[in-house]
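What follows is calculated from the coordinates using simple rules that are stated; it is not laboratory data. As the structure is a computational prediction, the values presented were derived from the model and not from experiment. No Cβ is skipped: glycine too gets one built from the backbone with ideal geometry, and neighbour counts run over all protein chains shown.
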Amino acid sequence: MDANDNNANESLPPPSGAVPPRSDAASPPVDDAMPPLADAVPPPRSGIAALSPRHQVAGVLALVLVAVTACVHVGMLFLHVAPSNTVTKQHGQAVDDWIYPEFEQNWKLFAPNPMQQNIAVQARAQFRTDSGTNGTTGWYDLSARDGAAIDGNLLPSHTQQNELRRAWDFYVGAHDAQNRPRGLRGQLSEQYIRRIVVMRVEREEAGGPGAAIERVQVRSRTTNVPPPGWSDEKVSSKPVIRQLPWWSVTADDMPLGKAEKSEGDAR
C-alpha cells in the first residue's frame, strides 16, 4: 500500500449510522456565577399579606363585618318574602324596619297567589275658574289611561306601569277598611297618592285652562277576573267600589310650577 492509498482512505466519509466524535467545543459551558437554589429571592407578597400586621387586623375585621352584614341582609330578605312563621310573628316589626323602604320586595316565595282582580284607580276634582265659578269634574279613569299608554308600546315607562298601581297598593296597605291611617306610613301614603292624582288631573286641564284645583277625591273600582270556561269556580261579576273622602289640595300637593304661580298670585 502506497501513500496514495493512505490519503484515499483518510478522505472517505464515515459509514452510515456512525456517530461522529463529540468535540470539546460542543459541550455546554458551566455558569459558575449561577447562585444556588437556597439563595433564591422569594416572590413579593400581595393582598392582605403585604400589609403591616395592624392593617392586616383592620382588613380582616372589615371583611368579617361585611360578611356578617350580608348574612343578616339575606336572612331579613328571606323572612320578608317567606310565608308567615314563628320568627316573623315575633320579630316582624324588626324585619319591616330593616326592609322598608330601601329594600322592599314585591314578590313572595312558595307558590305566590297571582292577582285575580282588575283594580282601576279613578279620580275627580273640584275646581275654581278665574271668574270665581266652582265646579266638579267627572271621574277620570287614571288606570285606563296608563293601560292605553302601555298597550302596543314596546318600551313603556316605569311610571306608566307602576307609579299609580304601587301608590294605591301602598295606600291600601297603610289604611284600614275605614280609611284610617296606620301610623306615619298611612299619612305618607295619603300624601303620595294625592300628589299623583293632582298631577294627573292637572294634566287633563280639569275645569279648563287657568282653573285651580281645590279638592280631589279618589276611588277604586275592583272587578274579579272571570274564571276559565273549564273551571267550576263561581265569582261575582259585580264591581266593588272603595271611595275615599275629599282631600283639600295644598301648595305642596301641586306641581312645582303651579305651586310657585299660586304663591305669586297669593302675594
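The calculated FRET efficiency for residue 119 paired with residue 187, based on their beta-carbon distance and R0 = 22 Å, is about 0.50. Shown is the FRET efficiency for residue 232 and residue 128, computed with R0 = 41 Å from the Cβ-Cβ distance and rounded to the nearest 0.05: 0.15. Under the criterion of Cα pairs below 8 Å and six or more residues apart, the relative contact order for the stretch 124-242 equals 30 percent.
When the alpha carbon gyration tensor of the stretch 109-232 is reduced to an equivalent ellipsoid, its three semi-axes come out at 30, 19, 14 angstrom, largest first. Between residue 151 and residue 48, the FRET efficiency estimated from the beta carbon spacing at R0 = 51 angstrom works out to 0.35.
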